[in-house]
1. I'd like the full set of residues that are more than 14 Å from chain B (Cβ to nearest Cβ) and either outside any loop (DSSP other than H, G, I, E, B) or open to solvent by less than 60 Å² (accessible area, probe 1.4 Å) (or both), limited to region A:36-56.
2. Which residue out of B:LEU397, B:LEU410 is surrounded by fewer than 24 Cβ atoms within 10 Å (Cβ to Cβ) and more than 30 Å from B:THR278 (Cβ to Cβ)?
3. Mind checking which residues of region B:143-163 are open to solvent by 60 Å² or more (accessible area, probe 1.4 Å), outside any strand (DSSP E or B) and not charged (D, E, K, R)?
4. So, B:GLY318, is that one open to solvent by less than 10 Å² (accessible area, probe 1.4 Å) and at pLDDT below 95 or not?
5. Please tell me if B:ALA106 is within 14 Å of another protein chain (Cβ to nearest Cβ), buried (at least 21 other Cβ atoms within 10 Å of the Cβ), touching a strand residue (DSSP E or B) at 6+ places or on another chain (Cβ under 6 Å) and at pLDDT 95 or above.
6. State whether the residues of region B:460-468 include one that is open to solvent by 10 Å² or more (accessible area, probe 1.4 Å) and under 19 Å from B:ILE661 (Cα atoms).
7. Inspect region B:585-604 for any residue being outside the structural domain of B:ASN517 (by TED's automatic domain parsing), in contact with a Leu (Cβ under 7 Å, 6 or more places away or on another chain) and open to solvent by less than 40 Å² (accessible area, probe 1.4 Å) and give the result as yes or no.
8. Could you please find all residues in region B:123-133 being surrounded by fewer than 19 Cβ atoms within 10 Å (Cβ to Cβ) and out of contact with any Asp or Glu (no Cβ under 7 Å at 6 or more places or on another chain)?
Amino acid sequence: MTRILRLTLNGRARADAVADNLLLIDYLRDAARLTSVKQGCDGGECGACLVLVDGSPRPACITLAAQCEGAKVETLEGLSGPGGALSPLQRAFHERLGAQCGFCTPGMVVSATALLRKTKRPDEGAIRAALEGNLCRCTGYVKIIDAVQTAAAEMAADQTAEAAG
Amino acid sequence: MNAPARTATRAAGTRTPLVDGIEKVTGRARFTADLAGDAAVARILRSPVAHGVIRRIDTTAAEALPGVLAVVTGADCAHPFGVLPIAMNEYPMARDRVRYRGEPVAAVAAVDAATAARALKAIELQIDPLPAYFTATEARAPDAVLLHDDKPGNVEREVHHVFGDPDAGLAEADLVRTATFTCAEINHAQMEPHAAVAEWVPGREELIFHSVTQVPFYTHKHLARCLEMDPAKIRLVKPFVGGGFGSRTETLNFEIIAGLLARRTGGRVALVLSREETLISHRGRPETEVTLALGMRADGRLTACKAEVVMRGGAYAGYGIVTILYAGALLHGLYDLPNIRYDGYRVYANLPPCGAMRGHGTVDVRHAFETLVDRMAHELDLDPFTVRRANLLEAPLFTPNGLMVNSYGLPDCLDRVEAASGWKERRGKLGPGRGLGMACSHYVSGAAKPVHWTGEPHAVVALRLDFDGAVTALTGAPEIGQGSSTMVAISVADTLGIDVGRVRVVCGDSATVPKDNGAYSSRITFMVGNAAIGAARNLRTELAQAAAAKLEADPADIDCAGEVFSVRGSAQSQLTWAEVVAAALAVDGPITVKGSFTTPEKAQGGGHRGGAVGSTMGFSYAAQVVEATVDVDLGRITVDRVWVALDCGFAINPLAVEGQIEGSVWMGMGQALMEETRYAEGLPLHASLLEYRVPTIADSPPIEVHIVESVDPLGPFGAKEAGEGALSGFPPALAAAVADAIGLDMDALPLSPDRVLEALVAKRRAAQRAKRREDA
């Protein structure tokens, strides 16, 4: 069966005819052409396809598109700031070499974004707990932790500056 | 070549984010599967049996299905392929015989995935099973059926190398110990599954081919060979690639299959493998048994080594000959050890083919060697650092097997990690269940003789300069996440005295870039880096001439730093980059120059058979200390912390060097702790990322990196490799930490909880037996 799926994707309202059994990852990659959502495994194992559904990280490869009716869905493409400016996490992953090959990076940045929206200054243990579902084969995770900490510190400093200003 | 001093204006030696990094953090990076678009969907039919004779393949029903665009089988390609010209024995799809479960036998292209799946089911396949062998021992049995008729005993290659007098060396020793180590087969498990997008251009009869490859040049050659095409009619493009680690350092069957299907359909075909299929494509590190005898004097001096290595290589040759040669060759070059005997056997078995994996051929042997050294040090009551220091080389030298060592930073590496880890103060005082262990390792900076010997330079980089003032670097060096394009940009920028941001690196499209052998054997920094410097020097010469003409000076007196040209010793005469570019282009239009690198003859190894393998321009050296905690009730090992020092000659990009060292140490940790492929009658039991466990962020320790710079005389800015050398030190350092923590010697990898518990039980039983004997 086919249905009309209405959702908000990276801040824009969309309506698409989708099959009931269409996976969210296929909807995002094929219909919306958001190819940052990566298929790294055969289902729910690696975290490369994580997207935010109403703010919570979800593996798009084991989520039905139909489950996102009325939801706000965010992918890496939607996490940049106004005018395409890199978000603090994106900039930190770039500058601190949190990304080597870059294949796990979309899922990593999505997970870390969810973490930093909830927890302003996570300690190392909280970062490890939040990113445990994201596999990376290049970095040994050392610089990923560094990138998240760097972004968190920068965001906290910005907020302090705003509050002071 | 001397290393540049680190200054604010020098690009080389400055921490530089990757030049293609923005694409990766914004989602703009396009990997192969992202290019599929509306291409036809391809799928592979794989053998359900591990060994057998193909009696019948009938594709009639599949071809008749609506929506099926093409079906191909082994009959469509009669050309074997393989990375070594002397060992090409694999067909893209099996012909006559299948040799492992999962081997491709046919493939389809269809309008969508569901139709492709139906078509696979409609192919009738009849295979008569043959006896199948899943261990090296079974395959080598005298009555075993041969996998390949020309390889008696199912031995692909045996190697027997003797240097010095190993027997006399052992006789001189105060302590001789022998042990056998068994190391599990492991897989690269790079995050991006294999994929190819192939487009046939009807009318021009051309093939445009995108793939995940680390070796576009080899794949280009093998596509031409297997498709019987003029290579000029193929355009090979390497998009962003999600890691390699050796998994795609040879042409793989799915790539040829995608090419065959594209031609048959006359259009675009996307062949994206599942994770399971990617694991079955394999080419990982083989299951290896190492029997090692070492002789040591009471002062820790090593006198001799005898090593017998048996590798279960899987069903086809792949890189196997190189792997079994590397295992012996790199017994040399780390320590001063003149007497070495090596006997290696690479064995065929009915399993997916093994291949090159990070630390190619050396990791399991180094694990055995360092672990036995550690045990003997313990027995002789010597500190493990003391034993290493008793066996250091003095560069420059040639090893007994003819390997050139021009720079040797191992002594500094030892000092750095000994101090950083607090080894002297902390070892033996960490409390119950906690221990410290250390080990050393090394690796080549590029094979001095490539597998396809053409006589051409080992690397060529071209530079273009046009009216826009951008310097475009054209290189075939495949950027796969290791930072090779950034290394090229830095090398060019530093040599010209310009900003890294002014250099645009184009890599991996055969339509525009010079041929490059590929991303393997840690060759790119050394070879392509030198070629990039050479090209930039040639460009600098042209610019200096133009600047000299304008400034009325001698070109030899022209300097460029910070994009400003000046006459040495004169503060007044200055020109901007734009002014000099305009002047240079006015001479003869846009400028194209190139630089190349060829390995010196003396670096190309000994004259003995197989002597080219292991030969290199420079070895990286590493030492590391691992701190671990062992839970003796659960058998669970926690790695608390790692201190690693690596001599990379000179860190052209310290940020990337750190990343490479961290990643390689961590990959060694995965192999040491948990990674293992497993098969039941040839059926992979590890065919997902849940079953093939790699460490998560929660399993992973802080890794403290120390960069040691020995400044290699031939390296670009003095640099050597940084991405492989530290890997093989981790497993033995961990084994030593476990021995230090709970007094348990382990002979098998990985040190998984089941193995630790088994070893603890065995040790307890042995102690009880000994006590009973004593009591009786």
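1. Across region A:36-56, the qualifying residues are A:VAL53, A:GLY55, A:SER56.
2. Result: B:LEU397 is the single residue among B:LEU397, B:LEU410 that is surrounded by fewer than 24 Cβ atoms within 10 Å (Cβ to Cβ) and more than 30 Å from B:THR278 (Cβ to Cβ).
3. Hit for region B:143-163 is B:PRO152, nothing else.
4. It is true that B:GLY318 is open to solvent by less than 10 Å² (accessible area, probe 1.4 Å) and at pLDDT below 95.
5. No.
6. no
7. The answer is no, given that none of the residues of region B:585-604 is outside the structural domain of B:ASN517 (by TED's automatic domain parsing), in contact with a Leu (Cβ under 7 Å, 6 or more places away or on another chain) and open to solvent by less than 40 Å² (accessible area, probe 1.4 Å).
8. B:GLN126, B:ASP128, B:PRO129, B:LEU130, B:PRO131
The values are calculated or read from the model by the stated rules, or taken from the named source; none is laboratory data. Being a predicted model, the structure only gives us computed values, none of them experimental. Every residue, glycine among them, receives a Cβ derived from its backbone with ideal geometry; neighbour counts consider all protein chains shown. When the accessible area is computed, the model is the full protein with side chains, heavy atoms only, and any ligands, DNA or RNA have been set aside. Shrake-Rupley method; radii C 1.70, N 1.55, O 1.52, S 1.80 Å.
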